[in-house]
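Here is the structure we will look at, set down as structure tokens.
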Amino acid sequence: MRANTHLKKDDTVKVITGKDKGKIRKVLRIVYKKNRVLVEKVNIVKRHTRPNAQMKQGGIVETEAPIHLSNVMLMCKHCNAPVRIKMTWLDDGKKVRVCGKCNEIIDS
């Protein structure tokens, strides 16, 4: 089942809950089937890896883990605040995202 999200890759989001609350970062990837989003330098976990062709020695690698979509909010470029999103149709028939606070178009 695909998540009903208004986020896209490379959007700037603010983490609103959890250990990384308050961080403003870029979306790297969206996992639609699990309603999760991978945010740059947020929810860092340590993974123990075995030696392989890329890492001769193995060891502990720090990577980002996905967090739930409900834990992030999109940042509006115009009002510089985390906002809810409204969807509207333009006159030419194009569907765009609009800021819930300042009613400015978010999509370029």
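Taken together, the values in this text are just the output of simple stated rules run on the coordinates, not laboratory data. What you see is a predicted model; the values in this text were computed from it and never measured. Using ideal geometry, Cβ is built from the backbone for each residue, glycine included, and neighbour counts are taken over all protein chains shown.
The table below lists the values:
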quantity: 5 angstrom amide H check on residue 11, placed H, neighbours 5+ away; calculated: 27
quantity: Where N is the number of residues in region 1-75, Cα Rg divided by 2.2 N^0.38 Å; calculated: 1.26
quantity: Which of 87, 73 has the fewest Cβ neighbours within 10 Å, and the rest in rising order; calculated: 87, 73
quantity: Region 4-72 and region 90-108: distance between their alpha carbon centers, rounded to Å; calculated: 27 Å
quantity: Mean Cβ neighbour count within 10 Å, used as a protection proxy, ranking 48-58, 62-72 highest first; calculated: 62-72, 48-58
quantity: Charge dipole magnitude, Cβ of K and R +1, D and E -1 - the chain, Cα centre, debye nearest 20; calculated: 460 debye
